[in-house]
Amino acid sequence: LTGEGVEQIVAYLERFIRANDCAGALTVTSARHAEALQNAKIALEAALENEPPDLLSIDLTRAWTFLGEITGQTVTDDIINRIC
C-alpha cells in the first residue's frame, strides 16, 4: 500500500524467474484462452497438411478466429454466453 518492500518483491520475482528458467515461457491463466490456443494450433497443423488453396484458406481463417477470441477481435455467441 505504501510501496515499502516493492523492491524486495521485484528482486525475489527476478531471482525466481531466472532459477526456474521460465523467462521466455508462455503462461496461460484462462481455460478459455488455453482452449482457443489449442484449437488454433490444430487449425494451423491442418493448414500445413492441406495443399489446395481453398482448404488452406479455411484452416488459416479458423486459426485466426480462435486467436481473435483471445485478443477480443472475434466474439461469438458462445464466448459471450461463457463470460456472462
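Values as computed for the structure displayed
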read-out: Scan of the range 1-50 for residues that are assigned to a helix (DSSP H, G or I) and modelled with pLDDT under 75, ordered by number; value: Leu13, Phe16, Ile17, Arg18, Ala19, Asn20
read-out: Positions within the range 51-84 being open to solvent by less than 90 Å² (accessible area, probe 1.4 Å), at pLDDT below 80 and acidic (Asp, Glu), in sequence order; value: Asp78
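The values are calculated or read from the model by the stated rules, or taken from the named source; none is laboratory data. Remember, it's a predicted structure, so these values are computed and weren't measured experimentally. Only protein heavy atoms, including side chains, enter the accessible area calculation; ligands, DNA and RNA are left aside. Shrake-Rupley method; radii C 1.70, N 1.55, O 1.52, S 1.80 Å.
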